[in-house]
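Structure first, then comments.
The values are calculated or read from the model by the stated rules, or taken from the named source; none is laboratory data. Every value quoted in this text rests on a predicted model; they were computed, and no experiment measured them. Here the Cβ is made from the backbone with ideal geometry for all residues, glycine too, and neighbour counts use every protein chain on show.
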Amino acid sequence: MDTSRRSRDGPVSILMEAQAPFVHVKNHESLPSSVTLHEGISLLLSRWFALQMAVQNEWGGDDSFYKSQLLVSEIESWFSQPKNSVNLEDLESLLHERLLLSFNTEIEDGSIEEVAEELMTMHEESLHHGNLVRTTSRSQQLN
């Protein structure tokens with residue numbers, strides 16, 4: 001795993017080709033089988049290794065945790081757009097832009113695309129199941 005520290009001149013660059021993009025969770029058995037879309041987004045982002053590394057190292061400043069929580073709300077709001085304007089590429093751009101602007105971090109490990117795909121799947125599930133998304137299969141994928 002190659003990670004670069006933030007410099008005053010540019011963003012942090014994260015290259016983690018050998019690392020899984022998600023944090024490993026030991027106790028996924030204790031997760032409920034379904035949660036609201038907001039909770040699902042929060043759960044997914046809390047397991048995203050690159051984002052959590054930026055939060056823990058305060059690459060977004062002292063309020064890095066707060067910024068990560070704002071990202072959850074922003075993604076949920078983004079999903080409230082008319083269905084025909086919600087697409088994967090725009091979500092990937094949103095994630096990339098927010099990580100760059102909020103945390104001065106460039107993610108180059110492919111995890112933005114993976115996280116965006118998971119978020120889109122959650123959104124589709126929430127549309128079909130009254131704002132509920134499954135956690136069971138996701139928690140297994142994260143381990």
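Structural remarks
- Filter pass, Leu45 being surrounded by 16 or more Cβ atoms within 10 Å (Cβ to Cβ) and either at pLDDT 95 or above or on the phi < 0 side of the Ramachandran plot (or both): yes
- Flag set for His123, criterion: at pLDDT below 95 and touching a Phe, Trp or Tyr at 6+ places or on another chain (Cβ under 7 Å).
- Restricting attention to the stretch 128-143, the residues that are in a helix (DSSP H, G or I), more than 21 Å from Leu71 (Cβ to Cβ) and either at pLDDT 75 or above or in contact with a Leu (Cβ under 9 Å, 6 or more places away or on another chain) (or both) add up to 2.
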